[in-house]
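The values are calculated or read from the model by the stated rules, or taken from the named source; none is laboratory data. Being a predicted model, the structure only gives us computed values, none of them experimental. Note that each Cβ is placed from the backbone with ideal geometry, even for glycine, and that neighbours are counted across all protein chains shown.
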Number of protein chains: 2
Amino acid sequence: MTCDFSYHVPTQIYFGKESFHHLGAELKKYGQNVLLLYGSERLKTLPLYQTICEQTSDLNLFELGGVEPNPRHSTVNKAATLCKEKHIDVLLAVGGGSVIDCAKLTSPAAFYAGNCWDLVTGKAPMERFLPIVTIPTISGTGTDMDAFGIVSNTETLDKVPFFHPNLYPTASFCDPSQTFTVSAFQTACGAIDAFSHYLEVYFMRPNLDAHLRCMEGFMKSILHCLPIVLAKPNDYEGRASIMWASSWALSGFTFGPTKGTPFMCHWIEDEVSAKYDITHGLGLAIILPHYLDFCLNAKSAPLYAELGVNVLGLSPTSTPVEMGKKCIEALRHLFFTTCGLPQRLRDCGVAGTDKFPEMARIACRNGTMHGFVDLTQEDVISILTASF
Amino acid sequence: MTCDFSYHVPTQIYFGKESFHHLGAELKKYGQNVLLLYGSERLKTLPLYQTICEQTSDLNLFELGGVEPNPRHSTVNKAATLCKEKHIDVLLAVGGGSVIDCAKLTSPAAFYAGNCWDLVTGKAPMERFLPIVTIPTISGTGTDMDAFGIVSNTETLDKVPFFHPNLYPTASFCDPSQTFTVSAFQTACGAIDAFSHYLEVYFMRPNLDAHLRCMEGFMKSILHCLPIVLAKPNDYEGRASIMWASSWALSGFTFGPTKGTPFMCHWIEDEVSAKYDITHGLGLAIILPHYLDFCLNAKSAPLYAELGVNVLGLSPTSTPVEMGKKCIEALRHLFFTTCGLPQRLRDCGVAGTDKFPEMARIACRNGTMHGFVDLTQEDVISILTASF
């Protein structure tokens with residue numbers, strides 16, 4: 001039973017600074033007991049927290065803070081236990097991708113007696129689900145409108161993605177003004193994460209021209225708005241565009257009929273943040289130009305040329321390979337000059353290259369990555385070493 | 001209770017030539033009794049009909065054919081009566097926008113004792129709904145993935161749009177190969193309808209850069225693929241792009257925070273097809289260039305210039321007003337030279353201009369249309385007269 005693709009995003013999006021008026025009514029649909037998941041205690045000092053308390057004043061609000069970046073399976077287990085004890089009806093995840101991913105795994109874990117890691121590794125199936133409502137406070141991951149998550153096991157140093165069609169949030173409240181206070185560093189990392197979600201699929205060439213042109217539109221918008229919000233963090237429209245473009249990146253809207261591994265650069269970076277706990281978007285910013293450089297050849301160059309003209313606004317006057325180099329140069333300029341991100345893994349806590357072979361093996365799932373250019377484990381080691 | 005916008009498209013899309021494998025299972029979710037709505041009896045000669053029969057072999061399939069272009073409220077009343085008599089559980093609409101719109105109004109009419117026209121005019125509320133499954137066999141309207149419909153009353157010569165959030169089809173089976181046999185004329189009319197859905201919203205400037213860039217992508221893809229499928233009707237990828245771009249046009253994906261009347265040209269055309277029963281997309285093709293010409297001025301010209309560069313591939317060397325003229329010229333060339341459509345209303349059954357004042361009054365809802373350029377009833381008469 002196949003078709004070119006199926007598309008189904010049941011998430012209700014409330015977008016904008018007035019969206020929270022709908023929060024209480026949305027939560028109430030699912031029951032009385034709400035578990036608020038969040039990261040830093042700083043949330044308690046924000047007007048957003050007051051709004052949440054007001055909107056849930058006639059509900060029972062339970063809380064679990066301290067969800068860490070690259071969320072841990074042990075935290076999910078703690079949240080699942082709380083759900084069982086308190087008879088939680090709905091999860092409210094407030095924060096970045098990590099908090100929302102934590103809620104996503106908590107959703108089925110709340111109905112599972114064992115360790116949530118079993119649900120990620122496939123040892124046990126995900127069967128029942130708590131509804132998930134999200135309030136993203138940073139743009140980038142798109143996890144507020146997709147059915148993916150990623151979780152880390154600090155015992156085994158594994159970082160494993162998971163997916164289930166029932167993991168789409170039932171509702172997400174996307175208020176761009178919540179991201180005004182996100183630091184320039186995190187803003188850049190988030191936008192680069194979203195950009196990379198599009199770019200990696202774009203280079204896999206889904207068959208539909210309509211997909212390609214839309215992905216170009218989203219990428220163009222992210223690259224246009226990122227310098228704007230870095231210069232003016234309170235630019236509502238710029239923040240809104242980056243937020244909306246981020247939400248759509250992994251929803252399935254642009255995937256279409258791709259073959260192979262659509263997220264090669266992501267898979268490489270996941271191993272870096274699993275081993276060294278560095279910010280995902282920073283890892284991508286460092287690795288992406290080297291990955292693009294490694295994959296640039298006479299056969300792949302036309303893809304780069306199209307990206308250059310349609311997204312980066314380059315003049316189509318050079319050879320495709322030259323265009324490819326100009327694309328990489330433009331991205332480097334954005335990431336390292338405009339955004340001021342560090343350029344090398346060694347500057348971000350990666351002590352040496354000794355773990356690269358193992359990281360490459362896991363990124364390649366013990367084989368070869370089949371993408372728009374196939375990458376062997378040796379190739380991945382080369383990309384990581386160039387990024388070091 | 002407002003927010004910038006809310007977005008929620010619950011429709012499950014099965015896209016592609018193999019998608020019908022899922023049809024039986026999808027229908028069965030809702031019950032045993034299926035009402036197949038369709039237009040021409042030609043359906044019975046197609047492999048698609050065989051597929052439908054196979055997929056519903058263990059269900060009770062009832063049929064109502066003869067749904068006309070610009071579907072009539074009397075046909076909806078007939079379908080609603082059948083639903084009540086046969087205890088229909090789910091509607092299966094197979095055809096163009098007219099058949100699907102007929103199903104959309106039948107959905108609440110099946111639970112209403114009176115004339116379905118009451119539900120359109122607001123005399124009675126839409127309260128309960130039959131689930132709708134669609135198989136579009138022509139691209140353009142986007143009604144397979146939105147919650148809008150339009151219905152004609154041949155007694156009063158009214159053609160009235162309707163909307164309810166529960167009118168999203170629960171599933172749509174979008175197989176581009178079903179559109180291979182659509183005539184060049186209907187293919188062009190459908191694509192121009194979809195293009196106009198984007199263009200009219202684009203000129204209203206929703207606030208988000210991300211929306212604008214995506215709409216540009218979809219418009220670019222439609223204009224790129226239309227000549228391809230006219231030259232080669234079996235071009236699967238071209239048909240697929242036009243189909244997918246059409247589906248998204250009215251889903252809410254690109255609406256964002258617009259103000260005023262987003263569909264001025266559509267509202268004008270709706271009066272033409274209400275009075276003269278001409279193909280909607282043809283009416284748009286004739287009126288759109290005159291509408292754009294009328295609205296082009298020093299203030300609006302930058303919008304045209306942006307469209308010219310980002311969608312029509314024009315070089316940004318002229319003044320904005322000159323760019324605007326070039327945009328209109330490029331669209332005229334596509335509609336009338338490439339697609340070979342008739343250029344004037346008088347060539348399409350519009351006998352005279354005497355009804356234009358009344359049509360303008362209804363299009364303007366007795367007032368003025370507030371759009372990217374405001375249009376008085378006199379202005380609309382001018383546009384209609386230029387199109388005549």
Any residue at all in region A:325-339 that is under 25 Å from B:E216 (Cα atoms) and either basic (K, R) or outside the structural domain of A:Y198 (by TED's automatic domain parsing) (or both)?
yes
A:G31 over 30 Å from B:P165 (Cα atoms), small (G, A, S) and outside any helix (DSSP H, G or I):
no
Do we have A:L292 as closer than 18 Å to A:C265 by Cβ and touching a residue at least 60 places away in the same chain (Cβ under 8 Å) here?
no
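Of the residues B:L282, B:L250, only one is closer than 27 Å to B:I383 by Cβ, modelled with pLDDT under 90, surrounded by 21 or more Cβ atoms within 10 Å (Cβ to Cβ) and more than 14 Å from chain A (Cβ to nearest Cβ); which?
On the way: B:L282 fails: modelled with pLDDT under 90.
Matching residue, one of B:L282, B:L250: B:L250.
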Does B:M369 satisfy being of a type outside the set (S, T, N, Q), modelled with pLDDT under 95 and over 30 Å from B:H224 (Cα atoms)?
yes
Do you know which residues across region A:74-105 are within 22 Å of A:L157 (Cβ to Cβ) and of a type in the set (S, T, Y)?
A:S74, A:T75, A:S98
Hits in region A:162-172 (condition: closer than 14 Å to A:C102 by Cβ and of a type outside the set (A, V, I, L, M))
A:F162, A:P169
Which one of these is assigned by TED's automatic domain parsing to the domain that holds B:D89 and touching a Cys at 6+ places or on another chain (Cβ under 6 Å): B:E26, B:E54, B:E18, B:E41?
B:E18
Does A:T2 fit the bill of being over 18 Å from A:D144 (Cα atoms), at pLDDT 95 or above and of a type in the set (V, I, T)?
no
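Could you list, in sequence order, all residues of region B:293-324 that are surrounded by fewer than 14 Cβ atoms within 10 Å (Cβ to Cβ) and assigned to a helix (DSSP H, G or I)?
B:P302, the sole residue that qualifies.
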Do we find a residue being touching a Pro at 6+ places or on another chain (Cβ under 9 Å) and acidic (D, E) anywhere in region B:1-22?
yes
Filter region A:18-38 down to residues that are in contact with a helix residue (DSSP H, G or I) (Cβ under 9 Å, 6 or more places away or on another chain) and at the interface with another protein chain (Cβ under 7 Å from one of its Cβ atoms) and give me whichever is nearest to A:V90 (Cα to Cα).
A:H22
Counting only residues that are assigned to a helix (DSSP H, G or I) and more than 14 Å from chain B (Cβ to nearest Cβ), which one in region A:202-241 is surrounded by the fewest Cβ atoms within 10 Å (Cβ to Cβ)?
A:A231
Yes or no: A:T56 within 13 Å of chain B (Cβ to nearest Cβ) and surrounded by 15 or more Cβ atoms within 10 Å (Cβ to Cβ)?
no
Does any residue of region A:67-74 turn out to be surrounded by fewer than 15 Cβ atoms within 10 Å (Cβ to Cβ) and modelled with pLDDT of 95 or more?
no
Of all residues in region B:138-167, how many are surrounded by fewer than 22 Cβ atoms within 10 Å (Cβ to Cβ) and at pLDDT 90 or above?
9
Sort out which residues of region B:278-292 are of a type outside the set (A, V, I, L, M) and part of a helix (DSSP H, G or I), and write them in order of number.
B:H280, B:G281, B:G283, B:P289, B:H290, B:Y291
Among the residues of region A:134-157, is any among the acidic types (D, E) and in contact with an Asp or Glu (Cβ under 9 Å, 6 or more places away or on another chain)?
no
Does region B:262-271 include one or more residues that are crowded, with 24+ Cβ neighbours inside 10 Å, within 12 Å of chain A (Cβ to nearest Cβ) and touching a residue at least 24 places away in the same chain (Cβ under 8 Å)?
no
Of all residues in region A:176-196 being within 14 Å of another protein chain (Cβ to nearest Cβ) and touching a Leu at 6+ places or on another chain (Cβ under 8 Å), the one that is farthest from A:T134 (Cα to Cα)
A:F195
On the basis of being among the hydroxyl-bearing types (S, T, Y) and closer than 25 Å to B:R42 by Cβ, does B:T106 make the cut?
yes
Let me spell it out: the conditions are (1) touching a residue at least 12 places away in the same chain (Cβ under 8 Å); (2) out of contact with any Gly (no Cβ under 9 Å at 6 or more places or on another chain), and B:G308 meets all of them except one. Which number is the exception?
(2)
Just need a number here: residues in region B:155-187 that are over 13 Å from the mean Cα position of the chain (by Cα) and touching a residue at least 60 places away in the same chain (Cβ under 8 Å).
19
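Can you confirm whether A:A109 is surrounded by 23 or more Cβ atoms within 10 Å (Cβ to Cβ), farther than 21 Å from A:E26 by Cα and free of Cβ contacts under 8 Å to residues at least 40 places away in the same chain? Please lay out each step first, then the result.
Working: surrounded by 23 or more Cβ atoms within 10 Å (Cβ to Cβ): yes; farther than 21 Å from A:E26 by Cα: yes; free of Cβ contacts under 8 Å to residues at least 40 places away in the same chain: yes.
Against the criterion (surrounded by 23 or more Cβ atoms within 10 Å (Cβ to Cβ), farther than 21 Å from A:E26 by Cα and free of Cβ contacts under 8 Å to residues at least 40 places away in the same chain), A:A109 qualifies.
Looking at A:A330, A:A351, which one is within 20 Å of A:A386 (Cα to Cα) and modelled with pLDDT under 95?
Exactly one residue qualifies, and that residue is A:A351.
Before we move on, is A:M369 surrounded by 13 or more Cβ atoms within 10 Å (Cβ to Cβ), touching a Leu at 6+ places or on another chain (Cβ under 6 Å) and not β-branched (V, I, T)?
Against the criterion (surrounded by 13 or more Cβ atoms within 10 Å (Cβ to Cβ), touching a Leu at 6+ places or on another chain (Cβ under 6 Å) and not β-branched (V, I, T)), A:M369 qualifies.
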Would you call A:L46 touching a Leu at 6+ places or on another chain (Cβ under 8 Å) and either of a type in the set (A, V, I, L, M, F, W, C) or closer than 20 Å to A:D101 by Cβ (or both)?
no
Taking the condition of being in a helix (DSSP H, G or I) and away from chain A (no Cβ under 14 Å), how many residues in region B:39-51 meet it?
9
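Considering only region A:135-152, I want to know if a residue exists there that is part of a loop (DSSP other than H, G, I, E, B), closer than 14 Å to A:N166 by Cα, of a type in the set (D, E) and in contact (Cβ under 8 Å) with a residue 40 or more places away in the chain. Before the answer, list the steps.
First, pick out the residues of region A:135-152 that are part of a loop (DSSP other than H, G, I, E, B): A:137-142, A:146-147.
Of the ones still in play, those that are also closer than 14 Å to A:N166 by Cα are A:146-147.
Narrowing the set further to residues that are of a type in the set (D, E) leaves A:146.
With in contact (Cβ under 8 Å) with a residue 40 or more places away in the chain added as a condition, the list becomes A:146.
Yes, some residue in region A:135-152 is part of a loop (DSSP other than H, G, I, E, B), closer than 14 Å to A:N166 by Cα, of a type in the set (D, E) and in contact (Cβ under 8 Å) with a residue 40 or more places away in the chain.
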Among the listed residues A:D374, A:D347, A:D354, which satisfies the condition of being under 29 Å from A:P227 (Cα atoms) and free of Cβ contacts under 8 Å to residues at least 40 places away in the same chain?
A:D347
